[in-house]
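Remarks on the structure that follows.
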Amino acid sequence: MPAVAAWEPLAEALGAVRRIVVFSGAGISTESGIPDFRSPGGVWTRYNPRDFTFAKYVASAAVRQRAWRMRREFWGAEPRPNPAHLAVARLEAAGRCRGVVTQNIDGLHQAAGSVRVVELHGTSREVICIGQRPRVGTPAGCGFRAPYTWAFARIDEGHDDPTCPDCAGIVKSATVSFGQNLFPGVLQQAVELIGEADLVLAVGSSLQVYPAADVPAAAVRGGATLAIVNDEPTPLDDLATVVVRGRAAGVLSAAVEATLTPAT
């Protein structure tokens, strides 16, 4: 009898349900060249993310200038969706996936074709005004928003610390930094989307960052099943019906292909 491939139990679980919601973390994007905090040789070996806390960003023009250099390096790598992102989008297009809740800020789910995406930690594809002196971790800007390339263009023009063109407030990547509150309503959007699921597919997440990690756990408490694809063990493995150790691109590509291809 041939050995069962690691992805086959996942394909069986996906095929048994009609309402899938994907919960993704950094591990789904590493194969697009985006390192997670633990990956050697990447952006985070040259920049400590804790140097860019919300409070430090607000207080220091030097911190903001370093943050823009880091963002330019990040986008200079020109990350693109990998087969894992494409597999998720394919599930949604087939009517099998209700949407994606992601901890990632790279926008690769949307670039792959996913339509309904809740970004818990914001997006690095845009910049926003956070006001002149926001406090207690909450942006208090005027509403200005622009593509990230706006900031790079201003820097290239000689403005090392770009400010809002409408109110002269501080401009920041539209992401959630350490010490910054989640954007209003985003956690509720995630809970509502997850609440539609028969099965939550957690991909590439350590499931250790809260409150985000409680979202799939809440789905299980509400009666959904949980499937996990991750390189390393997670705190929620015992709650999962299926756990697959492996890289997201290969596992999801094979499992989704088997799920959506009619048996002959």
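Just a few scattered comments:
- Here the Debye sum runs over all C-alpha atoms of the stretch 160-199 as equal scatterers in vacuum, and log10 of I(q)/I(0) at q = 0.14, 0.18, 0.19, 0.22 Å⁻¹ comes out as -0.53, -0.70, -0.73, -0.83.
- When each of His121, His109 is scored by the number of other beta-carbon atoms lying within 10 Å, the sequence from fewest to most is His121, His109.
- Within the chain, the cysteines lacking any other cysteine Cβ closer than 4.7 Å to their own Cβ are Cys97.
- Amide hydrogen neighbours beyond the local backbone of Leu226, cut-off 5 Å, H modeled: Val200, Thr241, Val242
- Cβ-to-Cβ counts within 10 Å put Lys56, Lys172 in ascending order as Lys56, Lys172, the fewest first.
- A full extension of the chain between Ser60 and Val115 corresponds to an added length of 16.1 nm, given 0.36 nm per residue minus the alpha carbon distance.
- Taking the number of Cβ atoms within 10 Å of each Cβ as an exposure proxy, the fewest-first ranking of Val136, Val176, Val100 is Val136, Val176, Val100.
- Mean separation of Cα contacts under 8 Å, 6 or more apart, over the residue count of the chain: relative contact order %: 27 percent
- Computed [θ] at 222 nm, helices only, for the chain once each DSSP H run of length n ≥ 4 contributes -39500 (n - 2.57): -9500 deg cm²/dmol
- Across the stretch 125-135, computed HN-Hα scalar couplings (Karplus, 6.51 cos²θ - 1.76 cosθ + 1.60, θ = phi - 60°) run 7, 9, 10, 9, 7, 10, x, 7, 8, x, 10 Hz from first to last residue, x flagging Gly and Pro.
Values quoted throughout were computed directly from the atomic coordinates according to the rules given, and no laboratory measurement underlies them. Worth saying up front: this structure is predicted, and the values here are computed from it rather than measured. Don't worry about glycine lacking a Cβ; one is built from the backbone with ideal geometry, like all the others, and counts go over all protein chains shown.
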